[in-house]
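Asker: Below you will find the structure I want to go over with you.
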Amino acid sequence: MQVWKHLKTITFHKYLVMKGCFAVGLYRQGLLHDLSKYTPSEFWVGARYFQGDRSPNNAEREAIGYSSAWLHHKGRNKHHYEYWIDYCADGGTCKRGMKPAPMPDRYIVEMFMDRIAASKVYNGKAYTDGDALTYYEKGAGRMRDFLHPYTRKRLEKLLHMLAEQGEAKTFAYIRKRKRRGFH
């Protein structure tokens with residue numbers, strides 16, 4: 001097990017998200033981000049499957065067919081779009097019997113910060129402001145079915161803005177929108 005390396009990785013990731021959230025005025029979310037990663041059901045799985053260049057959840061998924069750590073994590077952290085997926089109330093008019101709910105803006109911003117931090121952690125010194133968008137676009141096919149149009153529009157706007165205009169301008173835009181109540 002790579003306990004120390006995993007602890008350093010998740011703590012650095014949490015620090016980067018906290019730093020981003022603080023920069024846009026989301027102090028509570030910055031402090032509370034991903035605390036469930038330190039619980040035994042997530043931490044020990046992460047340490048067991050740690051690789052350093054990608055999520056240990058993917059390695060667990062490959063090894064046993066699912067990720068117990070991810071199932072625990074997504075149900076406790078509102079910055080993951082999977083948290084906002086519910087069954088359809090109307091029967092069969094939605095994809096695969098599931099329907100996304102719109103995420104509140106503060107969680108969309110935290111999800112955005114989470115993607116930046118993951119890109120910085122896994123890409124290291126090679127990180128660019130376009131990496132979070134690239135990461136999103138790799139998984140966008142399966143994600144788009146499960147993102148509410150409101151959530152998708154706002155997340156994609158932030159990712160494109162980051163890639164095209166950089167972190168300083170994007171964070172300033174978020175701070176300005178937050179002062180207005182996001183809507």
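The values are calculated or read from the model by the stated rules, or taken from the named source; none is laboratory data. Computed from a predicted model, the values in this text were never measured in an experiment. No Cβ is skipped: glycine too gets one built from the backbone with ideal geometry, and neighbour counts run over all protein chains shown. Protein only, heavy atoms only, side chains kept; ligands, DNA and RNA dropped before computing areas. Shrake-Rupley method; radii C 1.70, N 1.55, O 1.52, S 1.80 Å.
Asker: With the structure loaded, tell me whether Met18 is surrounded by fewer than 19 Cβ atoms within 10 Å (Cβ to Cβ) and either touching a helix residue (DSSP H, G or I) at 6+ places or on another chain (Cβ under 6 Å) or among the basic types (Lys, Arg) (or both) or whether it fails that test.
Answerer: Criteria not met by Met18.
Asker: Is there any pair with a first residue in the stretch 124-138 that is in contact (Cβ under 8 Å) with a residue 24 or more places away in the chain and a second that is open to solvent by less than 40 Å² (accessible area, probe 1.4 Å) and assigned to a loop (DSSP other than H, G, I, E, B) whose Cβ atoms are under 7 Å apart and which are 6 or more apart or on different chains, and what are they?
Answerer: Here the result reads Asp129/Gly166, each pair linking the stretch 124-138 to a residue that is open to solvent by less than 40 Å² (accessible area, probe 1.4 Å) and assigned to a loop (DSSP other than H, G, I, E, B).
Asker: Can you name the number of the only condition in (1) surrounded by fewer than 19 Cβ atoms within 10 Å (Cβ to Cβ); (2) at positive phi that Leu7 fails?
Answerer: The single condition Leu7 does not satisfy is (2).
Asker: Output the number of residues of the stretch 51-70 satisfying the condition of being in contact (Cβ under 8 Å) with a residue 24 or more places away in the chain and either aromatic (Phe, Trp, Tyr) or touching a Lys or Arg at 6+ places or on another chain (Cβ under 6 Å) (or both).
Answerer: Here the count works out to 0.
Asker: Got at least one residue in the stretch 157-179 being within 14 Å of the chain's Cα centre (by Cα) and open to solvent by less than 80 Å² (accessible area, probe 1.4 Å)?
Answerer: Within the stretch 157-179, one or more residues are within 14 Å of the chain's Cα centre (by Cα) and open to solvent by less than 80 Å² (accessible area, probe 1.4 Å).
Asker: Something else now. Which number in (1) out of contact with any helix residue (DSSP H, G or I) (no Cβ under 7 Å at 6 or more places or on another chain); (2) within 24 Å of Lys37 (Cα to Cα); (3) of a type outside the set (A, V, I, L, M) marks the one condition that Glu156 misses?
Answerer: (2)
Asker: A further question on this structure: Determine if the stretch 53-67 includes at least one residue that is in contact with a strand residue (DSSP E or B) (Cβ under 9 Å, 6 or more places away or on another chain) and either within 19 Å of His6 (Cα to Cα) or buried (at least 19 other Cβ atoms within 10 Å of the Cβ) (or both).
Answerer: no
Asker: Continuing with this model, one more query. Exactly one condition in (1) in contact (Cβ under 8 Å) with a residue 40 or more places away in the chain; (2) aromatic (Phe, Trp, Tyr); (3) open to solvent by 60 Å² or more (accessible area, probe 1.4 Å) is false for Tyr81; which is it?
Answerer: Unmet for Tyr81, out of (1) in contact (Cβ under 8 Å) with a residue 40 or more places away in the chain; (2) aromatic (Phe, Trp, Tyr); (3) open to solvent by 60 Å² or more (accessible area, probe 1.4 Å): (3).
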